[in-house]
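No lab work stands behind these numbers, since they all come straight from the coordinates. Because the structure is a prediction, the values reported are computed rather than measured. Because the Cβ atoms are built from the backbone with ideal geometry, glycine has one as well, and the counts that use them run over all protein chains shown.
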Amino acid sequence: MTTLCPHCGWPDDQPFLVVSRHATGLGLTVWVRCACGSVQVREVGPAGARIVSRGRPALGPPSGQNCPG
Ligand SMILES: [Zn+2]
């Protein structure tokens with residue numbers, strides 16, 4: 001898995017900070033916080049790791065960046 005964080009470009013295969021791990025019936029659910037502050041939820045199973053969801057960075061986007069005008 002060589003995907004990158006879309007917010008800051010951090011490699012997803014190098015977790016910045018593991019917040020918590022939970023064993024599930026399918027394997028392991030791991031919460032990881034990225035360098036930019038976004039939180040990922042990963043499922044780790046026999047087939048490898050898979051990112052289930054990814055949050056936004058802790059800080060909001062710079063003002064005006066998404067301004068349509
Ligand atoms: Zn990031």
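In this structure the amide hydrogen of Thr29, modeled in the peptide plane, comes within under 5 Å of the amide hydrogens of His22, Ala23, Thr24, Val44, none closer than 5 places in sequence on its chain.
When the convex hull of its Cα atoms is viewed from all sides, the stretch 1-55 shows a mean projected area of 3.4 nm². Length gained on full extension, Val41 to Arg21: 6.2 nm, using 0.36 nm per residue less the C-alpha separation. Placing a label point 7 Å from the Cα of Cys8 along the Cα-to-Cβ direction, the residues of the stretch 26-54 with a backbone N closer than 12 Å are 33-40.
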